[in-house]
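Written below as structure tokens is the structure these notes are about.
Nothing in this text is a laboratory measurement; each read-out follows from the coordinates by a stated rule. Everything numeric here is computed off the predicted structure, so don't read it as measured data. Reconstructed Cβ throughout: ideal geometry from the backbone, glycine too, with neighbour counts over all protein chains shown.
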Amino acid sequence: NRHADICTGCGARLQTESADKPGYVPAAALDREPVICQRCFRIRHYNEAASVAVDQDDFLRLLAGIAQTDSLVVHIVDLFDFEGSLISGLQRFVGANPVLLVVNKVDLLPKGTNLNRLRNWVQQQAKQQGLRIVDVIMCSAMRGIGFERVVQALEQHRRHRDVYVVGATNVGKSTLINRLIRDYSDLDSELTVSRYPGTTLDAIRIPLDDGKAVIDTPGIVYPNRLTELVPRRVLQALLPEKPIKPLVYQLNERQTLFIGALARFDFVQGERQSFTLYLSNALKVHRTKLERADELYAEHAGEMLAPPSKAELEEMPAWTRHSLQAPKGKKSDVFISGLGWIQVNGTSGAKLDVYAPKGVKVLIRDALI
Ligand code: GDP
């Protein structure tokens, strides 16, 4: 009796009666080897087909196609790399279709962070970018935080239309879609991979029970994020998986912080004040005097100052300098795309120099936290 079998994917008891209960497998698929439930089968199928990435030009061509549909567009951004993962110009390409902004990875923020304030911040930034959004949802696809809100918002805003999911690489799009498949898709119809007309690019259609579908588009590659410029091993260190433990440094002017050999932060001029670093906990920070910084880097880059290692540094672009001025009267962040940000806690202004691999987006913004 195969009904007593256990799904080798999730461990649920296999059953053929209720598609909406764990362990469901259509009777016809019972002799598949190894026997896994419909949900696990789909998640596996999705993960095999996913992870397609495209450059901006191809992506914008796909987006132009979305404008001709009547659909809901779900734009997933990474809270940890907000400016790096927001698709600029999205509004122009989606036409009249509404955009739902899903901000992923909220689990990374230190405990006690005010999510409402954050949401306002996101709304403000999106507006400045010219995005008209119907709603902002904060969630963690990995931890399942806020996920009911994601499903609720999808239902509320899609009104029996298709849903296009768009996002840059590494924002957690496949993690989120895996959850959608588990909790939300129509288990009786088949997950399919189709191609965009005129391209070789795959999109994955995840059927919903009203005949419509969630359509997962390829991840867009933005080369101005550090996460796109580092070798694979360094990427693991950059992408935080656990809540960030902020590092606070009291600095006098003419002091320097090295973040591994990934970036350098010079406090050039200003009153003594504190700076808070929001980075992956796997990275090490080294403090020195500004006049010693060049020498320290020349001697220790790739060793004491790491990651990246010496060999990995050779695969990366050289640094360029960004001269920035933190404004007076409010707190701001120095944002380094893909690496994190440094909050300037003083409000008396500060002259700063930031060094980062050429091409990485570096900017001053209103403080997130
Ligand atoms: P995709 O390229 O957008 O499909 O992104 P993935 O789903 O492959 O995720 C990229 C990285 O982000 C992986 O290392 C995930 O473990 C991580 N990730 C995804 N969702 C979350 C989340 O909610 N919180 C955290 N901390 N990490 C996440």
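Things worth noting here:
- Surrounding net charge for Asp333, when Lys and Arg each add one and Asp and Glu each subtract one, Cβ distance under 9 Å: +1
- Beta bridges per DSSP with both ends in the chain, % antiparallel, nearest 5: 70
- Taking a Cβ cut-off of under 10 Å around Thr69, the surrounding Lys, Arg, Asp and Glu residues balance to a net charge of -1, with basic ones at +1 and acidic ones at -1.
- Potential lengthening between Arg365 and Lys245 on full extension [0.36 nm per residue; Cα-Cα distance subtracted]: 41.1 nm
- Dipole magnitude of the chain about its Cα centre (Cβ charges: Lys, Arg +1; Asp, Glu -1), debye to nearest 20: 1100
- Among the listed pairs Lys310/Lys330; Lys127/Lys358; Lys111/Lys173, those with a Cα-Cα distance over 30 Å are Lys310/Lys330.
- Over the stretch 322-369, the alpha carbon radius of gyration divided by the compact-protein estimate 2.2 N^0.38 Å works out to 1.08.
- With the Kirkwood sum run over all distinct C-alpha pairs, the stretch 292-363 has a hydrodynamic radius of 13.7 Å.
- Distant-in-sequence amide H partners of Met138 (H built 1.01 Å from N, under 5 Å): Val103
- Here is the P(r) of the stretch 187-233: all C-alpha pair distances, binned every 5 Å from 0, give 5, 17, 18, 15, 13, 14, 9, 7, 2 in whole percents.
- Here the chain is treated as a Stokes sphere of Kirkwood radius computed over C-alpha pairs; at 20 °C and 1.002 mPa s its diffusion coefficient rounds to 96 µm²/s.
- Helical content of the chain, expressed as a calculated mean residue ellipticity at 222 nm, amounts to -7500 deg cm²/dmol (DSSP H runs of 4 or more residues, -39,500 (n - 2.57) each, divided by residue number, nearest 500).
- Whole-number D in µm²/s for the stretch 229-366 (Stokes-Einstein; Kirkwood sum over Cα pairs; 10 °C, 1.306 mPa s): 106
- Spherically averaged projected area in nm², based on the convex hull that wraps the Cα atoms of the stretch 38-125: 8.0
- The alpha-carbon atoms of the stretch 89-221, seen along their principal axes, cover 42, 32, 29 angstrom, with the largest extent given first.
- For the pair Lys127 and Ser189, the difference between a 0.36 nm per residue extended length and the Cα-Cα distance amounts to 18.5 nm.
- Two numbers describe the Cα atoms of the stretch 143-198: Rg and Dmax, which are 12.7, 38 Å.
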